[in-house]
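Nothing in this text is a laboratory measurement; each read-out follows from the coordinates by a stated rule. Not measured: the values here are computed from a predicted model. Here the Cβ is made from the backbone with ideal geometry for all residues, glycine too, and neighbour counts use every protein chain on show.
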Amino acid sequence: MSDYNWFEGIPFRTIMFKKEIIEEIRNNFVMRDEDTVIVTYPKSGTHWLIEIVCLIQTKGNPKWIQSVPIWERSPWIDTQLGYQIIINKEGPRLITSHLPFHLFPKSFFSSNAKILYIIRNPRDVLVSSYFFWGKTNLIKNPESLETYFEWFLKGNVLYGSWFEHTRGWLSMRKRSNFLMLSYEDMKKDTRGTIEKICDFLGKKLEPDELDLVLKNSSFQSMKENNMCNYSLITKDIVTNSLVLMRKGTTGDWKNHITVAQAEAFDKAFQENMAGFPPELFPWK
Ligand code: PPS
C-alpha cells in the first residue's frame, strides 16, 4: 500500500508528515522527569483522557479546557506543530502520543516521566477509526468497512497494528511510572478511574472538585466544547463533516461487524495476544 507515509514499518498520515521529526523525537527529544505523557493507539479515548488530566490540573475548573485547543494543552508530539510547542515549553509538560513503543523517545526510558496508556476494545477502535479517518484527508478513503477491516487486521492503518502497539506498550505495565487504563473501565466507573489517575499523578481533589472533573469531561460537554470537538479543524484536513465525539459507547462494533468478521477478529486476537492474561482486556 503506497497511500501512507511509511516509516520503519509504521504507516503515517499522507499529509503534514515529516519522517525527520519522527527520527528526531526518538533520538534527540529530552523527556523531563516532571512530564506526563498520554499514550494511546488512535481512537482509544485519547481526547477523553486528555480532558480529564487537564481538568485534574485545574481542580475541575473548565476555563482552560474551554479557551485553549486540546492540541495546544497536550500537544501530539509526532506532529510538527505539536513538537514545536512541546520543545519550547518550560516546566512540566503534558504530551500526547500515538507512537508505537519502538518509535517513542528513548530518553523516556531513563526518566521518571509518567505515562498513562489507555486501551480500548480493538473492535470498537476499528469501527470508530473507520468512521473518522474516512472523513479526513489524512489517509486514503477505504470506501467500505470491509476494506478497512482487512487493513486493520494487517496493520495497514495509521500507527500500524493495534496488536503490535498494545503488545509493545503493555510490556511496560509493571513499571511504577506507567498507568494502564481502559476505555471500558472509564465508561463503567468514570469517578473511580479519575481517582486512580489522581493517585498516579499525586493529586488530591475534594469531592466537589471531582464532580466538576466528571461534569466537564462528560461526552456531552466535550461534544459541545469547540476546543476539543474538532470544529476548529480546517477544511484542508477535513473532507466532510468530521465528528470526533461520535457515539462514545462500548460495543458499537456489534452494529457494524458481521459474524464472519467477528470470528476472524477473535482468531487474530488470540494469535496475537496469546501471552497476555485475559483480565487485562475488560471487554466482551
Ligand atoms: S483520536 O483522534 O485517535 O485521538 O481519537 P480518541 O480521542 O482516541 O477516540 C475517539 C473516541 O473516543 C470517544 N470519546 C468519548 N467517549 C466517552 N466519553 C467521552 N467524554 C468521550 N470523548 C471522546 C469518541 O466518541 C470516539 O469514539 P466513538 O466510538 O467513535 O464514538
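The GluC sites (Glu not before Pro) found in region 121-170 that occupy coil by DSSP, while having at most 16 further C-beta atoms within 10 Å, are GLU143. Dipole size of region 1-152 about its Cα centre, with +1 on Lys/Arg Cβ and -1 on Asp/Glu Cβ: approximately 380 debye, rounded to the nearest 20. Among residues other than PHE101 with Cβ under 14 Å from its Cβ, the summed charge is +2 (Lys and Arg +1, Asp and Glu -1). Take the Cα of GLU34, go 7 Å toward its beta carbon, and the backbone nitrogen atoms of region 89-104 under 16 Å from that spot belong to 89-95.
Positive end of the dipole of the chain (Cβ unit charges, origin at the Cα centre): among GLY248, PRO105, TYR130, the Cα lying farthest that way belongs to GLY248.
Take the alpha-carbon positions of the chain, form their convex hull, and give its projected area averaged over all directions (one quarter of the hull surface) in nm². Kindly include the intermediate steps, with their values, before the conclusion.
Details: hull surface 56.6 nm².
Result: 14.1 nm².
Annotation: amide H-H contacts under 5 Å for LEU244 (H modelled 1.01 Å from N, sequence separation of 5 or more, or interchain): none.
Label point of ASN5 set 7 angstrom out along Cα-Cβ; within region 140-157, amide nitrogens under 14 Å from it belong to 140. For the chain, a simple Cβ point-charge model (Lys and Arg +1, Asp and Glu -1, everything else neutral) yields a dipole of about 160 debye relative to the Cα centre.
Divide by every residue of the chain the summed helix terms, -39500 (n - 2.57) for each DSSP H run of at least 4, and state the resulting mean residue ellipticity at 222 nm, rounded to the nearest 500 deg cm²/dmol. Can you show the working numbers first?
On the way: 13 runs with 120 residues, N = 284.
Calculated from helices alone, the mean residue ellipticity at 222 nm is -12000 deg cm²/dmol.
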